[in-house]
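The values are calculated or read from the model by the stated rules, or taken from the named source; none is laboratory data. This structure is a prediction, so every number in the text was calculated from the model and none was measured. Note: ideal-geometry Cβ built from the backbone for every residue, glycine included; neighbour counts use all protein chains shown. When the accessible area is computed, the model is the full protein with side chains, heavy atoms only, and any ligands, DNA or RNA have been set aside. Shrake-Rupley method; radii C 1.70, N 1.55, O 1.52, S 1.80 Å.
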Amino acid sequence: MSDFFKKLGWIIVDISLFLIIFGFLAFGITSLLAIIPAVASIGDDESFQNPILLIITFFPLLISAAIAGYIVHYFVFKRDLALFGLQKQGMVKDYCTGFLFGGLLILAGFFILRLLGYLDILNYNFAYGTIVLFLVFFIVQSLFEEIAFRSYLMPVIESRFGLWPALLISSILFALIHLDNNNIAVLGIINIFLAGMLLGLLFIKYKNVWAAAGLHCSWNYVQSTILGFEVSGESVFNMIETQENGPDLITGGAFGFEGSLISVLFLLGMILYYVQKNSYVMSRLDGMPQIEENIT
């Protein structure tokens, strides 16, 4: 029992150091940006519809999380930097693989709802500049969260308690930070927990953060900006304006597609595949350390 509390204490120290460095850097970068007149004027608009404001808000968080994670992982606790998952090898290929994967899942859900007659298309908005800016925002936002919850947090927990606790605890914490989202419901929280599990499994399989970040980005971007769903309860600009007219259990209602039973089934299916069918992920979850060559 004393060993458990010792490990837990070191995790608390580890995370506290990360949060302190992260908070200091984020405050500093945000403050520097705020003194630029053009940026300050954009900051007067608090709308979630403004992609430039959102990029400016999340960019300091991304940079701060990357630097803080690097410092704590490498300089303080001397962990192998490869565990951080930000290596250049596979960056473009794995990111695109994850992006395509996430987009196809959302598109499949969209067409299922259309076939069921539970989703109406109301209008089309081809504001290409806004569409591109929201893609940039979701790239920044998703990479920030993946660095924090996968790149940094999972190795911290794994180094003390193993990979299964790292996967489960990081996914629980990932779900908990969404508790104050608009229109939150039990099924939505379950979906976000399962999404965290899938993203964690991609982090394990690819031995980097890129595939998970790509999936996270397209999951948010395609369902919201492109297909007109709310994303985790938040409404953003939509290229396709849609309206759900079926039961919230199936459509996700005001929380968006990721609050639907269809999303639960998609995520569970992919999680079960990686846990039961992917030999490398299975071996890692059984306790084998990360190795150089990936096994399909």
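Counting the residues of segment 158-182 that are open to solvent by less than 10 Å² (accessible area, probe 1.4 Å) and over 21 Å from LEU62 (Cα atoms) gives 2. Exactly one condition in (1) in contact (Cβ under 8 Å) with a residue 60 or more places away in the chain; (2) open to solvent by 20 Å² or more (accessible area, probe 1.4 Å); (3) farther than 21 Å from SER218 by Cα; (4) not hydrophobic (A, V, I, L, M, F, W, C) is not met by GLY90; state its number. Against the list (1) in contact (Cβ under 8 Å) with a residue 60 or more places away in the chain; (2) open to solvent by 20 Å² or more (accessible area, probe 1.4 Å); (3) farther than 21 Å from SER218 by Cα; (4) not hydrophobic (A, V, I, L, M, F, W, C), GLY90 comes up short only on (3).
All conditions in (1) buried (at least 24 other Cβ atoms within 10 Å of the Cβ); (2) farther than 29 Å from LEU115 by Cα hold for SER218, with the sole exception of (2). Cβ-Cβ distances below 9 Å connect the following pairs, each with a first residue in segment 66-87 that is among the charged types (D, E, K, R), a second residue that is outside any helix (DSSP H, G or I), and a separation of six or more residues or different chains: ASP80/GLN290.
Within segment 107-138, being part of a helix (DSSP H, G or I) and either surrounded by 23 or more Cβ atoms within 10 Å (Cβ to Cβ) or among the acidic types (Asp, Glu) (or both) holds for GLY109, LEU113, PHE134, PHE137, PHE138. Hey, could you check segment 249-274 for residues that are in contact with a Phe, Trp or Tyr (Cβ under 8 Å, 6 or more places away or on another chain) and either more than 26 Å from ILE52 (Cα to Cα) or not in a helix (DSSP H, G or I) (or both) and say which is most open to solvent (accessible area, probe 1.4 Å)? Per the stated criteria, the residue is ILE250. Quick check on segment 139-150. Is at least one of its residues of a type outside the set (A, V, I, L, M, F, W, C), over 24 Å from LEU272 (Cβ atoms) and buried (at least 18 other Cβ atoms within 10 Å of the Cβ)? Yes, some residue in segment 139-150 is of a type outside the set (A, V, I, L, M, F, W, C), over 24 Å from LEU272 (Cβ atoms) and buried (at least 18 other Cβ atoms within 10 Å of the Cβ).
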